[in-house]
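A quick write-up on the structure given underneath.
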């Protein structure tokens, strides 16, 4: 017959508690990482749409004859968009 010591049972339960806490923490960390990735992707897409809209507005202004800072901003934005893709 096997007799279990109270300290052995306590040690085993403590080890199981620590392992389960580590697993819960790891699952929480992985879920948070995926949520942040999804959020970053949505923000990147929104930023791209806004930059393309600004570029279209600058193109429209340059077609209407606005030169100087408009043309400079348009060329800088085009260069930036080309580098990003």
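Every number in this text was worked out from the coordinates using simple rules, so none of it is lab data. In this text the structure is predicted, and so the values were computed from the model without any measurement.
Determine the principal axes of the Cα atoms in segment 15-85, then give the extent along each, sorted from largest to smallest and rounded to whole angstroms.
For segment 15-85, the Cα spread along each principal axis is 74, 17, 16 Å.
I'd like the orientation of helix 69-84 relative to the chain: the angle between its Cα long axis and the longest Cα principal axis, in ° from 0 to 90, rounded to 10.
Approximately 40 degrees, to the nearest ten.
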